[in-house]
1. Which of Phe118, Phe263, Phe100 moves most in a GNM of the chain, Cα contacts under 10 Å?
2. In terms of the Cα gyration tensor, with a ≥ b ≥ c the square roots of its eigenvalues, is segment 243-289 rounded because a/c is under 1.5, prolate because a/b exceeds b/c, or oblate?
3. Longest span of the chain, sites excluded, free of GluC sites (Glu not before Pro) in DSSP loop with at most 10 other C-beta atoms within 10 Å?
4. How would Val181, Val48 line up from fewest to most surrounding beta-carbon atoms within 10 angstrom?
5. Considering the chain as a Gaussian network with a 10 Å cut-off on Cα pairs, which listed residue, Phe111, Phe209, Phe14, attains the greatest mean-square fluctuation?
6. Using R₀ = 30 Å, calculate the FRET efficiency as 1/(1 + (r/R₀)^6) where r is the Cβ-Cβ separation of Asp273 and Thr2; round to 0.05.
7. Tell me, in nm to one decimal, what length is gained between Ser28 and Ser127 on full extension, where the rule is 0.36 nm per residue of separation less the Cα-Cα distance?
8. In the chain, what percentage of the DSSP-assigned beta bridges are antiparallel, given to the nearest 5?
Amino acid sequence: MTDSVLGIIGGSGFYDLELEHSRLEEVSGPWGAPSGPLRRGEINGLPVVFIARHGPGHAIPPTEINYRANIDALKRAGVTDLVSISACGSFREDLPPGMFVIVDQFIDRTFAREKSFFGTGCVAHVSVAHPISSGLAARVGDAAKAEAIQHHIGGTYLVMEGPQFSTLAESHMYRAWGCDVIGMTNMPEAKLAREAEICYSSIAMVTDFDSWHPDHGEVDIPSILAVMGANSANAARLVTRLAADFPKTHPDCPDGSDKALEFAIITPPEARDPAVMAKLDAVAGRVLG
């Protein structure tokens, strides 16, 4: 059995987390520097590891986040379950600012990011048909309900490249596709978490209606910041409740997130590049030996 370690990635407006026995830890790895130091500590005896996605002072834009380094650092820290928290726009009237959407699907429209730990020298293909760990998402939903936080279970998150917000035509197109929320950061984060065999769930904190809504007009930063403060306070309460109720022993993932590499590596052992193998020691060490 594996001990549970809960990881939290804090997005826009959620830059730190109060933990017991808290300490900062600088982590270095083969994929470059993560967004910043890890904050390690406990909540109700459960080990918790936090990282601010955009770094100290929100200095890193979405495209320039080193997603591979972040996930690798969290894996090295022993994280078994990872909850992503991010600010998002909404495509639905019934998902207004302040709503927390516990998404279960993504459409990846990013194009300028490194999206895999694998490549030339060691090829692997993991399934992301169901990119969210349903067991972890259910626990997130239970925590939101227990804390009386306005939330919605399920939804599709359109991940755009950014850093600009959508055009009006794009916003209408994404709505026509059936998307529920839009943001800039959950891809390739979710794909990399799956490659690292970490159970992943995402909380999309709605701050605006993107640009489609006729009564709200275009996205503006002052309005977003006004909502973000309340969202962040609610996110901290949700995480605290989630950790307090979390099982101390990591349960098997019903979707196989924690065994995603079982049959994913295609390159036979004799053809694998030793230099690439060395970089994969944390994310794929379970199956590479």
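Every number in this text was worked out from the coordinates using simple rules, so none of it is lab data. On a predicted model such as this, the values are computed, not experimentally measured, just so you know. Please note: Cβ atoms are built from the backbone with ideal geometry, for glycine as well, and neighbour counts cover all protein chains shown.
1. Ranking Phe118, Phe263, Phe100 by mean-square fluctuation puts Phe263 first.
2. The shape class here is prolate.
3. 94-289
4. Val48, Val181
5. Ranking Phe111, Phe209, Phe14 by mean-square fluctuation puts Phe111 first.
6. 0.55
7. 32.8 nm
8. Antiparallel: roughly 40 percent of the beta bridges in the chain.
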